[in-house]
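The values are calculated or read from the model by the stated rules, or taken from the named source; none is laboratory data. Predicted model only: the values in this text are computed from it and were never measured. Please note: Cβ atoms are built from the backbone with ideal geometry, for glycine as well, and neighbour counts cover all protein chains shown. Note: areas computed on protein heavy atoms with side chains; ligands, DNA, RNA excluded. Shrake-Rupley method; radii C 1.70, N 1.55, O 1.52, S 1.80 Å.
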Amino acid sequence: MVKLFNRLQASLKKTREGTFKKLNRIFTAKRKIDDDLLDEIEEILIAGDVGVETTLDIIDKLKQRVRDEKYETSDELECLIRDEIKNILIVPASQDKQGLQIVLVVGVNGTGKTTSIAKLAHKYKSEGKSVLLAAADTFRAAAIEQLSVWAERVNCEIIKHQDGADPSAVVFDAISAAQARSVDYLIIDTAGRLHTKSNLMAELTKIFRVINKRIPDAPDQVILVLDASTGQNAVNQAKEFQQVARVDSIFLAKLDGTAKGGVVLAINKELQIPVKYIGTGEKVDDMEEFDPGSFVEGLFVKE
Ligand SMILES: Nc1nc2c(ncn2[C@@H]2O[C@H](COP(=O)(O)OP(=O)(O)O)[C@@H](O)[C@H]2O)c(=O)[nH]1
Ligand SMILES: [Mg+2]
């Protein structure tokens, strides 16, 4: 039978063939469940970027259920592990707000922020919504140029200033334009220089203040873009951003090129932030909304 994968499951190919293949082998071997076997599973999960804290939690729950529900052989563990993973994954909330939605996109440079913004713009447009982009990463001229190119390709408008301009001024103008033109989505690109954390903090705080002043409760969504291929480092980046700004959801870029898909679990468990979108390639439609059931299936499906 030919198995049909959706984009999310296809992008988990490397993860599935790395770490999770070893787990599948354990399940099919019908081994006796003992401490050695559980230690082995623990090692596999940690090596698979699931993160120490999250792995230990999964193993504890497994031990408890094996004891209470009297499981004996390793094939019985597959559905237990699937259950525990599903329990960790937070279901992203859906957005049904009417009127202008302001989406602020943050993340370290190079993670895939601008590309992910183009993907979101493309998605909203294909749903029949109007989109305006704000080039508030004014630190590098190339960043403004790159967003302009995407705006043209996706066929949406963009508000930009000269490079080096005050990002908050761009945001201010963009909100005015979004209101005047009654657009559905304003997506704001920001700079992400984490090595100068105090600057980043000051800049983001100022952007929040400018948005709040114009529209209380906005931004409607703060999306943090993380690069899946950086594994545990992505989790650490998210922790840094959480100290600076409100983060509502994660756009996990570059899931296609990495075996580190286990990081999704660490992000959910350690940060308590849902992964809402995943990036599955460099093109504008290479994205998918994250679905926990589909994700778990993608980790364990036997090809
Ligand atoms: N394979 C793959 N590459 C991606 C994805 N998202 C972004 N990229 C690439 O990552 C690089 C950096 O992206 P960019 O959007 O400029 O990152 P930014 O600095 O955070 O704005 C570019 O070469 C993108 O094509 C993805 O989901 N998959
Ligand atoms: Mg960028």
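Among strands (runs of 3 or more DSSP E) entirely within the stretch 203-303, having at least 2 residues that are within 19 Å of ASP189 (Cβ to Cβ), in contact (Cβ under 8 Å) with a residue 12 or more places away in the chain and among the small types (Gly, Ala, Ser) singles out 249-253.
Only one of the numbered conditions (1) in a helix (DSSP H, G or I); (2) touching a helix residue (DSSP H, G or I) at 6+ places or on another chain (Cβ under 9 Å); (3) charged (D, E, K, R); (4) within 11 Å of ligand 2 (Cβ to nearest atom) is violated by ASP189, and that is (1). Considering (1) open to solvent by less than 60 Å² (accessible area, probe 1.4 Å); (2) within 29 Å of LEU100 (Cα to Cα); (3) of a type in the set (Val, Ile, Thr), the lone condition that VAL301 does not fulfil carries the number (2). Of the residues screened, LEU37 is one that is over 20 Å from LEU265 (Cα atoms) and without any contact (Cβ under 8 Å) to a residue 60 or more places away in the chain.
Listed by first and then second residue, the pairs with beta-carbon distance under 8 Å, at least 6 apart or on different chains, first residue in the stretch 64-79 and at negative phi, second open to solvent by 40 Å² or more (accessible area, probe 1.4 Å) and among the polar types (S, T, N, Q), are ASP75/THR28.
When you scan the stretch 2-24, do you find a residue that is over 29 Å from the mean Cα position of the chain (by Cα) and assigned to a helix (DSSP H, G or I), even just one? No, the stretch 2-24 contains no residue that is over 29 Å from the mean Cα position of the chain (by Cα) and assigned to a helix (DSSP H, G or I). When HIS161 is tested against (1) open to solvent by 90 Å² or more (accessible area, probe 1.4 Å); (2) within 16 Å of ligand 2 (Cβ to nearest atom), exactly one condition is not met: (1).
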